[in-house]
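What follows is one structure encoded as structure tokens, with my remarks underneath.
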Amino acid sequence: MKINPPVVVGYDGSSQSRDAVWWGAHESALRAAPILLLTTMFTPTTYGVPIGMPAFYFDEQEAAAKKRLAEATELAKQAIGERTVQIDVELASDPPIPVLREISKTARVIVVGSRGHGEYTGGLLGSVSSSLAVHSLCPVAVVRGLGGDEDVSVRPVVVGVDGSVHSEPAIATAFEEASLRGVELVAVHAWSDVVLDVVFSKFREVDWRARQDTERALLAESLAGFGDRYPDVPVNTVVVKDKPGQNLVHHTERAQLVVLGRRGRGGFSGMLLGSTCREVLHDAHCPVLVVNSHR
């Protein structure tokens, strides 16, 4: 029997998680995959009684969690419209991060808002989304806004390409997403991860012009073969000198999705989330799909 992995959406009732449900429902419909809406009601307990709280507190938390799932289900139905998608719900009693990480073993993708309830107001990326971007065993979509009233369905998919093996799964995923959506793919490649004019004070524009052809060839090599597999996807290649994170963030202003590998060419072995990925997650203007290197 063929298994159809679900799109899993973490929902806590925040505006960001409402956007996550909306995006996840559309992703489910595109892929003819079921959607699983998940919320948690974790409360630290002693002998089954919430610490410092009366016994009925747990019942109130359970009722609130069930209400959240009903809200998420209604949102998903509105997003799906007339399309047929199986909607499932799950109420977990453990903390959200370990619950979502465990479910990532069998999920197609996990979708979360950029920040949820209870996050510090100064934080640009929530603890759940940032942890899952590092530890999830499946791709993670971090949803930060959906473009307002403007139709985003015609916008391109953007992918960051650094020429390393870490970006190969991201490239494959980006082509697949662009094909499903029937849109252009914009592949962005930077020669350097550092700001060259700052690190190398004698760096001249002529040096960059001489290097561009080599970098374009490297980008073309990274994309080779995917055009044959996805002949319906037009590709626009962009080669920049440096500042890959900043350049990708700029492209997210006119994109419907940006796809990134978890780590890049310059990442230390102990650094599970690359600096470019981290920067884009913090500042992107559209949903970010983070793909690990073992896709």
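The values are calculated or read from the model by the stated rules, or taken from the named source; none is laboratory data. Not measured: the values here are computed from a predicted model. Quick reminder, even Gly has a Cβ in these numbers, built from the backbone with ideal geometry, and neighbours come from all protein chains shown. Surface areas here come from the heavy atoms of the whole protein model, side chains and all, with no ligands, DNA or RNA. Shrake-Rupley method; radii C 1.70, N 1.55, O 1.52, S 1.80 Å.
For this structure, a couple of remarks:
- Some residue of segment 96-110 being at pLDDT 95 or above, in contact with a Leu (Cβ under 7 Å, 6 or more places away or on another chain) and assigned to a strand (DSSP E or B): yes
- For segment 221-246, filtering for residues that are part of a helix (DSSP H, G or I), within 14 Å of ASP162 (Cβ to Cβ) and not hydroxyl-bearing (Ser, Thr, Tyr) leaves 4.
- Some residue of segment 55-67 being crowded, with 17+ Cβ neighbours inside 10 Å, modelled with pLDDT under 90 and more than 18 Å from GLY113 (Cα to Cα): yes
- Yes/no for ASP149 being in a loop (DSSP other than H, G, I, E, B), surrounded by fewer than 17 Cβ atoms within 10 Å (Cβ to Cβ), among the acidic types (Asp, Glu) and at pLDDT below 90: yes
Residue by residue, here is whether (1) of a type in the set (D, E, K, R); (2) open to solvent by 50 Å² or more (accessible area, probe 1.4 Å); (3) at pLDDT 90 or above holds:
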position: VAL186; (1), (2), (3): no, no, yes
position: VAL194; (1), (2), (3): no, yes, no
position: VAL198; (1), (2), (3): no, yes, no
position: PHE203; (1), (2), (3): no, no, no
position: ALA210; (1), (2), (3): no, yes, no
position: PRO231; (1), (2), (3): no, yes, yes
position: VAL235; (1), (2), (3): no, yes, yes
position: LYS243; (1), (2), (3): yes, yes, no
position: ASN247; (1), (2), (3): no, no, no
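- PHE175, sole failed condition from (1) over 21 Å from VAL8 (Cα atoms); (2) at pLDDT below 95: (2)
- Checked against (1) more than 15 Å from PRO156 (Cβ to Cβ); (2) modelled with pLDDT under 90; (3) buried (at least 16 other Cβ atoms within 10 Å of the Cβ), VAL290 passes all but condition (2).
- Across segment 263-280, the qualifying residues are those that are buried (at least 23 other Cβ atoms within 10 Å of the Cβ) and out of contact with any helix residue (DSSP H, G or I) (no Cβ under 6 Å at 6 or more places or on another chain), and the one among them that is modelled with the lowest pLDDT is GLY274.
- Residue within segment 67-89 that is touching a helix residue (DSSP H, G or I) at 6+ places or on another chain (Cβ under 6 Å), assigned to a strand (DSSP E or B) and within 24 Å of SER130 (Cα to Cα) present: yes
- Residues of segment 3-34 satisfying the condition of being outside any loop (DSSP other than H, G, I, E, B), open to solvent by less than 50 Å² (accessible area, probe 1.4 Å) and of a type in the set (A, V, I, L, M): VAL7, VAL8, VAL9, ALA20, VAL21, ALA25, ALA29
- For segment 117-140, residues that are aliphatic (A, V, I, L, M) and modelled with pLDDT under 80 total 2.
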